[in-house]
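**Q** Can you read through this structure? Questions will come right after.
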Amino acid sequence: MMLKHITVLKKETVDGLNIKKNGIYVDATLGGGGHSEAILEQLDSGFLYAFDQDLYAIKRASERLAKYSNFKIIHSNFAYLKEKLNEEGITKIDGILFDLGLSSFQIDDSDRGFSYLVDKPLDMRMNQQQRITAKEIVNTYEFEQLRDIFFIYGEEKNASKIASEIIKRRPLETTFDLVAITDKYNFKQKGHSAKRVFQALRIEVNQELEVLKDALVQSMELLNVGGRMALISFHSLEDRIVKHFFKEYSEIKIPKGLPIISNEVAPLKLITRKAILPTEEELLENKRSHSAKLRVAEKNK
C-alpha cells in the first residue's frame, strides 16, 4: 500500500527560510520530502542535509528526491543534529526547518500502533530500531508516572482514573485494550476518547519534547548570522516550547528601573510575530493541517 503524504505549510515555510542559492540547509524532519524538495528547487551550488529516524520515510523521500544530487539523508533523530553534521564536516548552516509530530506515513501505517481506530500492537515508535514501546510503558510504569504523562503531555482530565485502570487490567497488548479503558472514562468527551492518551504516550515513547528543547539550542549554535529556523508545530505543548524559546532569545534583559539604553543585539530576531496558520484552501485540501502553526526566527549574532 502506498501511503499518501501532503506537505503542510510548504510555501510559507520555505519562503520563511529566505533560501540562498549557495547556502547549507537542514530539513530536520524529512518525512515525505515535500519541504526538502521545495528547498532543493531553490538551491544552485548549495546543499541540503535531511534527517529522519523512520526508514520507510527515508525510502519514500529518496525516490521523490532522486533527480537531485546536492543532498544527503541522515538516518537519525534530530537530537543528534550537531554530532551528525560535524561528522559531515559541517559546523555552520544557513537555515533549518522542523515539521514536528507524526508524518502522514506513520499515521496511515496502522501496524505502527499510532492509531486508536484499528486494533494493532501498542508500539508508537518513530524509530523502529529503538527499544522502548508504548506497550512497555503501559505495562511497566508506576501509577504516578502514567498519571503525569497523560496529564502533562495529553492534558487528559481523567489521567488518574485511566492510569489506575491500566494497572488493574495489565497486561495490555493492543491499541484497543487501551481504547477500552479510555472509553470507560471519556465516553462523554467530544472527539475520540483515546486521542489525548495516545498523544501523551507517543510523546513519551519518542521523548519528543525534551528532544525538541535540545534541538532548538543546537540549531542556534549551528546557524550562521542571518540564518533562519522555521518550526511547524501541531499541538500546544510543542508550540509553547518554540514560542518561549524564541521569546527568550529575541529579548534583551535589562533590570527594571535602571536608566540604561542598550546597544546590545538579541541573539534572535522574530520574523513571525504571530504564528502563521494554514490558508482556507490548504485546510480544505489537507484536514491534517488544521492545527499547524509556523514560527520563524533569524539569527542576529
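The values are calculated or read from the model by the stated rules, or taken from the named source; none is laboratory data. Just so you know, these numbers come straight off a predicted model, no measurement behind them. Ideal geometry is used to build each Cβ from the backbone, glycine not excepted, and the neighbour counts take in all protein chains shown. Heads up: the accessible areas ignore ligands, DNA and RNA and are worked out on the full protein's heavy atoms, side chains in. Shrake-Rupley method; radii C 1.70, N 1.55, O 1.52, S 1.80 Å.
**Q** Take the residues of segment 162-181 that are of a type outside the set (A, V, I, L, M) and touching a residue at least 24 places away in the same chain (Cβ under 8 Å): which is least open to solvent (accessible area, probe 1.4 Å)?
**A** Keep residues of segment 162-181 that are of a type outside the set (A, V, I, L, M), which gives 164-165, 168-171, 173-177.
Narrowing further to those that are touching a residue at least 24 places away in the same chain (Cβ under 8 Å): 170-171, 173-177.
Working: ARG170: 74, PRO171: 91, GLU173: 80, THR174: 33, THR175: 0, PHE176: 89, ASP177: 57 Å².
Selected residue: THR175.
**Q** If only one of LEU201, LEU237, LEU283 is in a helix (DSSP H, G or I), within 30 Å of THR175 (Cα to Cα) and more than 18 Å from the chain's Cα centre (by Cα), which one is it?
**A** On the way: LEU201 fails: more than 18 Å from the chain's Cα centre (by Cα); LEU237 fails: more than 18 Å from the chain's Cα centre (by Cα).
Just a single option satisfies the conditions, and that option is LEU283.
**Q** Still on this structure, please answer the following. Would you please name the residue that is nearest to TYR116 (Cα to Cα), looking only at residues in segment 147-198 that are hydroxyl-bearing (Ser, Thr, Tyr) and assigned to a helix (DSSP H, G or I)? Walk me through it before giving the result.
**A** Here is the first cut: in segment 147-198, the ones hydroxyl-bearing (Ser, Thr, Tyr) are 153, 160, 164, 174-175, 182, 185, 193.
Narrowing the set further to residues that are assigned to a helix (DSSP H, G or I) leaves 153, 160, 164, 175, 182, 185.
On the way: TYR153: 17, SER160: 20, SER164: 20, THR175: 6, THR182: 10, TYR185: 15 Å.
The residue in question is THR175.
**Q** Let me spell it out: the conditions are (1) open to solvent by 60 Å² or more (accessible area, probe 1.4 Å); (2) touching a Phe, Trp or Tyr at 6+ places or on another chain (Cβ under 8 Å); (3) at pLDDT below 95, and PHE187 meets all of them except one. Which number is the exception?
**A** Single failed check for PHE187: (2).
**Q** Please list, ordered by first then second residue, the pairs with beta carbon atoms under 9 Å, 6 or more apart or interchain, first in segment 144-161 and more than 17 Å from GLY191 (Cα to Cα), second in a loop (DSSP other than H, G, I, E, B) and open to solvent by 70 Å² or more (accessible area, probe 1.4 Å).
**A** Hits for this filter: PHE151/LYS157.
**Q** Within segment 219-234, track down each residue that is touching a Phe, Trp or Tyr at 6+ places or on another chain (Cβ under 9 Å), in a helix (DSSP H, G or I) and of a type outside the set (S, T, N, Q).
**A** Within segment 219-234, just MET220 meets the criteria.
**Q** Scanning segment 147-161 for residues that are surrounded by 20 or more Cβ atoms within 10 Å (Cβ to Cβ) and aromatic (Phe, Trp, Tyr), which turns out nearest to the chain's Cα centre (by Cα)?
**A** Only one residue fits best here, namely TYR153.
**Q** Taking strands (runs of 3 or more DSSP E) that do not extend beyond segment 17-117, which have at least 3 residues that are polar (S, T, N, Q) and free of Cβ contacts under 8 Å to residues at least 40 places away in the same chain?
**A** Details: elements: 24-27, 47-52, 71-75, 93-99.
Fully inside segment 17-117 and qualifying: nothing.
**Q** Take the residues of segment 95-146 that are β-branched (Val, Ile, Thr) and modelled with pLDDT of 85 or more: which is surrounded by the most Cβ atoms within 10 Å (Cβ to Cβ)? Even if it seems obvious, please write down each step before you answer.
**A** Going residue by residue through segment 95-146, those that are β-branched (Val, Ile, Thr) are 96, 107, 118, 132-133, 137-138, 140.
Now narrow it down to the ones that are modelled with pLDDT of 85 or more: 96, 118, 132-133, 137-138, 140.
Values: ILE96: 28, VAL118: 12, ILE132: 14, THR133: 18, ILE137: 20, VAL138: 24, THR140: 12.
Among them, the one singled out is ILE96.
**Q** Also: Do we find a residue being in contact with a Lys or Arg (Cβ under 9 Å, 6 or more places away or on another chain), part of a helix (DSSP H, G or I) and over 22 Å from ARG288 (Cα atoms) anywhere in segment 121-136?
**A** Within segment 121-136, one or more residues are in contact with a Lys or Arg (Cβ under 9 Å, 6 or more places away or on another chain), part of a helix (DSSP H, G or I) and over 22 Å from ARG288 (Cα atoms).
**Q** Based on what the data block shows, is LYS243 assigned to a helix (DSSP H, G or I), free of Cβ contacts under 8 Å to residues at least 24 places away in the same chain and under 28 Å from ASP94 (Cα atoms)? Don't jump to the end; show me each part of the working.
**A** Numbers: assigned to a helix (DSSP H, G or I): yes; free of Cβ contacts under 8 Å to residues at least 24 places away in the same chain: no; under 28 Å from ASP94 (Cα atoms): yes.
When the stated conditions are applied, LYS243 does not pass them.
**Q** Within segment 272-301, how many residues turn out to be at pLDDT below 95 and of a type in the set (Lys, Arg)?
**A** Here the count works out to 4.
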